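One structure is given below, encoded as structure tokens.
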Amino acid sequence: MMPSRLPLRSVVRAAATWAARNAVLWPALVRLQNTSRRGDPWLRVHPFDADHGTRTSGYIPAWLLRAGRPGDAGITAYAGCQPSCLRAALRSIPNLERRSFLDLGCGKGRSTIIASEHPFRAVVGVDISPHLVRIARRNAAIVAKRFPHRPPVIIGEGDALDVPLPDGDLVVFIYHSFGPDVLARVVDRLGEATAREARDVFLIYENPVYGTVIDRHRAFRRWFAEHVLCDLAEAPFQSDDGETIVVWRSTRDGRSAAPRGADRSIVVSKPGWRAELADARPAALALCLLEPEIPENGSAASV
Ligand SMILES: C[S@@+](CC[C@H](N)C(=O)[O-])C[C@H]1O[C@@H](n2cnc3c(N)ncnc32)[C@H](O)[C@@H]1O
């Protein structure tokens, strides 16, 4: 009988997962990974961090975020959202004071800090990576000390597939956190919760690469769709001039018409990574003409 052999790929994968979950090795692995991305705008220290004294900058690939949970299979990567884009999406939603904010894939917590600028009943972020959860909690504590009047930010470690939802009406935020299978299951969960408990749920999807999954779901209808140009000060810290943002609202009467302009088709411009709206380019081109100056300060984001 032939001795059984473990395929090399499984061994390498198991070793990588072990190393990625090790709290001592992890910061060094992130720094090592960053050496291959020199000049990447996502690695620069974002003005948001300079303003708040937080550490939310950087880019971390999926293999360094795995946690041994079912959702590992869908992880995209870590990168913080552009504050001006999330603020624009939040401006489109009525009665924030009656809702809780939930970020499914909160990373280092930049989005939850932005949400805490608004009068939400509660602000909750959940991430699958224990390393990012630690960082997000540290960031939330820094902001809570500086702005004690804001709603407190609660950061939980968990998988979007089974994490408990806050009670009542919600604003759920997803910044291209996972692939289509995990997204479909998350949207099913949200749809069931709205049907069972008569909740009003807004779902914000920034960079909606798999937005058609939500377009096809009976429990949600479009509310808002824009290619939001980010503030000029933020432009040098990401790979485009802004972000496509689509917002859906729960509906318990089946499908109904989307508000004017919110029904534009989502076009995937870079498979798995980048989504645009079908007719969004003219605005983007206008901003390119302004050509914001890219700072030479290549200071890399610390882990
Ligand atoms: C692009 S980052 C977004 C960070 C944050 N929302 C923001 O806007 O600043 C996506 C995050 O989703 C997390 N993630 C991916 N799959 C997840 C899952 N199944 N459950 C919870 N978090 C997940 C990743 O660890 C990563 O931090």
Requested in this report: Please calculate how many Å² of accessible area the chain carries per residue, with a 1.4 Å probe and no DNA, RNA or ligand atoms counted.
Outcome: 48
Query - Simple label model, 7 Å out from Cα along Cβ direction - Ser10 to Val24, nm - result: 2.9
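Counting DSSP beta bridges in the chain, what percent are antiparallel, to the nearest 5?
Details: 23 of 43 bridges.
Of those bridges, close to 55 percent are antiparallel.
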Query - Karplus 3J(HN,Hα) series, Hz, for region 61-73 with 6.51 cos²θ - 1.76 cosθ + 1.60 (x for Gly, Pro) - result: x, 4, 5, 8, 10, 5, 10, x, 10, x, x, 3, 4
**Report entry** Label point distance in nm, Ala73-Arg138, each placed 7 Å from Cα along Cα→Cβ
**Finding:** 3.3
Report summary line: Taking protein heavy atoms only, a 1.4 Å probe, and rounding to whole percent, the accessible area of the chain owed to carbon and sulfur comes out at 56
Requested in this report: In whole angstrom, note down how far apart the Cα centers of region 112-185 and region 202-229 are.
Outcome: 19
Query - Point-to-point label distance, Ser239-Asn95, nm (Cα→Cβ direction, 7 Å offset) - result: 3.9
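The values are calculated or read from the model by the stated rules, or taken from the named source; none is laboratory data. These figures come from a predicted structure and were not determined experimentally. FYI the Cβ positions are ideal-geometry reconstructions off the backbone, even for glycines, and counts take in every protein chain you see. The protein model used for the area step is the full one, side chains on, heavy atoms only, and it has no ligands, DNA or RNA in it. Shrake-Rupley method; radii C 1.70, N 1.55, O 1.52, S 1.80 Å.
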